[in-house]
Structures are given as structure tokens and as C-alpha cells.
Amino acid sequence: MFKGKRIYYVLGAVLVLLLLNTFMGTRNSSTVEEVLNKGHIKKVQLLYQTEVNQDTLAFYLSVPEEQAVSATKDLAVTDMGYGLLKKNMFGKWVTKQSAEYGSIKAYLADDGFTGEIALLPTMLYGVISDDRIGSINVTFQDGDNQVLTKATIVDTQPLRLWYALADERIADRELTMEAAGQDGKAIATKKVSFQ
């Protein structure tokens, strides 16, 4: 009698594992670039990845299939996005969160950088088109204190990107992003908010 129950337990465990693999395997791959390419009409080119709180944050370009993945891109048809990924229990990459915005050219203003807000992870990010920009700082008021976060700038090809990780305190606040030159003098300023 006990032997018969053991078979049911083993079969039940195998069934649960198969269901988990099916459920968790719908958007999984062996590399970060492969999982980012799933579900995209355009070809994804990984620009940069880094570890963030035991997850992997990846930034990428999304270009039309007919456009070669190279250092020269038509920014009118190239999108930028990010993905927050982790490995599942089977060692395959899965996407926790991803987003991208339309053509980079549409977002590049005369001030030389874009600024987007992401909720998971909480961060600000964008691209830099002005070679004079050497740093980007994000500031906001938290009560009587002014909080300053220095952005990380990454020199990738064909563009430079920047990101500044934040915490939930930036919700419902107006944020100021200031791009400065190598000399520390302000080049451009933007204001954004989650509201």
C-alpha cells in the first residue's frame, strides 16, 4: 500500500516540475540577448548589462531586421529599451520586466540627452548624443533634504547611455536631471516626475 502511494507522489512531483517548466519556460533562454529577442519584431542588440539586487539589468537597441547590427544606426527607426532579468530554477534567463520607448531620434532634443523613468527597477535612464556631456546628476527634494544621485554613464556603440538607480522616494516628486561637461559646468537641465 505504501509503495503505491510513493508512485503517485513521484508522478505528482514530475507533473508539477513539467508544469513549472512550461509556465516559467514561456519566455526563457540561455542568454540575456536571446530572451530579449523573444517577442520582438525587431532585432535586439545588447548594449550593456550589470547586476542589480541579484537580478541582471540589461540595456539594448531594437533595430529592424533589414538593418545590419553595426556601429551606424538610423536613429529614426532604432528603439532603446531595458530588461530586468533573472535565472529561473532551471538555469534559464527569464524576463521580470522590460520596456522600450520609440525611436531614439524622436526623443533626442537639442539638449543632447534623453531622460526616461522606469518603475522596476526604480531608475532614470536614457541616451546621450552630445559628446561634451561628462556627467548627469539627478536631484530631488525629500522633505528638507536635497538628494543627489550621480548617474552611471556607459560608453557603448553606437551611443552612450546613462542610468541612475533610485528608490521609492522618487515617486510623486519632481526630479531634476542636469547634464554637465567635463569641467562640471551645466550644459542642459530637464525636469520629470512620476505624477
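The values are calculated or read from the model by the stated rules, or taken from the named source; none is laboratory data. Given the structure is predicted, the values throughout are model-derived calculations rather than measurements. Quick reminder, even Gly has a Cβ in these numbers, built from the backbone with ideal geometry, and neighbours come from all protein chains shown. Heads up: the accessible areas ignore ligands, DNA and RNA and are worked out on the full protein's heavy atoms, side chains in. Shrake-Rupley method; radii C 1.70, N 1.55, O 1.52, S 1.80 Å.
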(message) Probe of 1.4 angstrom, ligands and nucleic acids ignored: what's the accessible area per residue over segment 118-195, in square angstrom?
(response) 54
(request) Holding the Cα-Cα limit at 21 Å, pick out from 42/191; 38/86; 150/185 the pairs that are longer than that. (result) 42/191
(message) Quick check: residue separation of residue 52 and residue 77 times 0.36 nm, minus the Cα distance between them. What number comes out in nm?
(response) 6.1 nm
(message) Amide H of residue 43 versus every other amide H placed in the peptide plane: which residues, excluding those fewer than 5 positions away on the same chain, fall under 5 Å?
(response) 63, 65
(request) Sticking with the crude label model, points 7 Å out along Cα→Cβ, report the distance from residue 144 to residue 120 in nm, one decimal please. (result) 3.7
(message) Just to verify a number: FRET efficiency for residue 99 and residue 6, C-beta to C-beta distance, R0 = 41 Å, to 0.05?
(response) 0.30
